[in-house]
Amino acid sequence: MTTRVFASPLFLGFDHLEQMLERASKTSSDGYPPYNIEQTGASGLRITLAVAGFTMDDLQITQEDNQLVIRGRQSDDTEGRVFLHRGIAARQFQRAFVLAEGIDVKGAWLDNGLLHVELARPQPQSRVKTIRIGQTHENVADGKQGGEGL
């Protein structure tokens, strides 16, 4: 049985957040590849994955809705090679990160076996809006202002 996080009637319109939490809980948790997430400035974030042995052609980064998905698949170039010990496995992976609304993926680069993905987080802006109270339900439904002529 699943407990709904936003089941309270005080949380209106948060269905998408509940879906994102559910999606995040289903992501791979085997720990491969290891990664760091760091703050690089007031609005900057960087995800760094340890992908030693992978080339740029072996990696794919996609943004699917609010989910950043990083996939890796190494090509099998072991033909003609004889391994006395093979401790470096050529394994594929998929790592997914759920992004908050408005986070922008700025770019990615591969450096010394580390894949860096740069993200920008917009600064939240507080909004205050005064709602006028109409005299009747019909005025509100039609978008008319109440209290005219008062």
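The values are calculated or read from the model by the stated rules, or taken from the named source; none is laboratory data. Quick caveat: nothing in here was measured; it's all calculated off a predicted structure. When we count neighbours, we look across all protein chains shown, and the Cβ atoms used for this are built from the backbone with ideal geometry, even at glycine.
A compact table of results
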{"read-out": "Residue match in the range 101-113 (condition: modelled with pLDDT under 90 and either over 30 Å from residue 7 (Cα atoms) or surrounded by fewer than 13 Cβ atoms within 10 Å (Cβ to Cβ) (or both))", "value": "yes"}
{"read-out": "Extreme residue, nearest to residue 88 (Cα to Cα), among residues of the range 29-50 that are among the hydroxyl-bearing types (Ser, Thr, Tyr) and in a loop (DSSP other than H, G, I, E, B)", "value": "32"}
{"read-out": "Tally of residues being small (Gly, Ala, Ser), surrounded by 11 or more Cβ atoms within 10 Å (Cβ to Cβ) and within 34 Å of the chain's Cα centre (by Cα) across the range 120-139", "value": "1"}
{"read-out": "Any hit, the range 78-92, residues being touching a helix residue (DSSP H, G or I) at 6+ places or on another chain (Cβ under 6 Å), surrounded by 11 or more Cβ atoms within 10 Å (Cβ to Cβ) and either touching a residue at least 24 places away in the same chain (Cβ under 8 Å) or of a type in the set (D, E, K, R) (or both)", "value": "no"}
{"read-out": "Pair list, Cβ < 8 Å and 6+ apart or interchain, from the range 103-123 residues that are touching a residue at least 40 places away in the same chain (Cβ under 8 Å) to residues that are crowded, with 16+ Cβ neighbours inside 10 Å and among the basic types (Lys, Arg)", "value": "103/121; 116/46; 117/46; 118/46; 119/46"}
